[in-house]
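The values are calculated or read from the model by the stated rules, or taken from the named source; none is laboratory data. Since we're looking at a predicted model, the values are computed, not measured. Quick reminder, even Gly has a Cβ in these numbers, built from the backbone with ideal geometry, and neighbours come from all protein chains shown. Only protein heavy atoms, including side chains, enter the accessible area calculation; ligands, DNA and RNA are left aside. Shrake-Rupley method; radii C 1.70, N 1.55, O 1.52, S 1.80 Å.
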Amino acid sequence: MVLVFNQQRHIWLPLRCIRRQVRGLLESSGYGGWDVGVHFVDNERMQQLNRQYRKKDRPTDILSFPFHQAAAPEDFREWAVTEDDRNLGDMYLGMPYIVEQCRKHGETVGEHLPELLAHGLCHLMGYDHELDADYRTMTKREQAILREYSKTREVPF
């Protein structure tokens, strides 16, 4: 199940379209039918989360909180056999921060959102980008998800 929560008032969001988009990205990543939560928040909430969990006192675009603690990316799949195990976790997206970044780079939120969601999903799968080799591995996985997703891409707004 994909749960989408709009906890900000900075930008209107087409939640049904975003829910379909997340489902499509899950399918494209091989995690169709897995649970994930997507929370759209304001900069204050994002800064609070970033400070609390990453010790960085500033807002950011996306934070992911995996349900499974993976020793290696996606290793939890082999023992995630029950319905309750099929939960990737939660992503928090800071909409004012994202809107500003999109303006700076000349793209719309609708164009950028699939990239952010794929990035967040990779974190939920256990990927990270702390080391250069890990960054390359995660980037390849993101690109593979987006390539597969682009076959049926829906830009929500």
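The alpha carbon convex hull volume per residue for the range 57-156 rounds to 139 Å³. Accessible area per residue for the chain is 56 Å², calculated with a 1.4 Å probe on protein heavy atoms, without ligands, DNA or RNA.
Lys-Lys pairs in the chain that are eight or more residues apart or on separate chains and whose Cα atoms lie under 27 Å of each other come to 5.
Here the alpha carbons of the range 1-110 define both size measures, Rg and Dmax, at 15.1, 44 Å. Hydrophobic, long helices, defined as DSSP H runs whose alpha-carbon span along the helix axis is 24 Å or greater and whose mean Kyte-Doolittle value is at least 1.6, do not occur in the chain. Taking amide H atoms as placed 1.01 Å from N in the peptide plane, the amide H of ASP35 lies under 5 Å from those of ASN87, LEU88, each 5 or more residues away in sequence or on another chain. Peptides 46-54, 129-137, 30-38 ranked from most to least packed, by the mean per-residue count of other Cβ atoms within 10 Å: 30-38, 46-54, 129-137.
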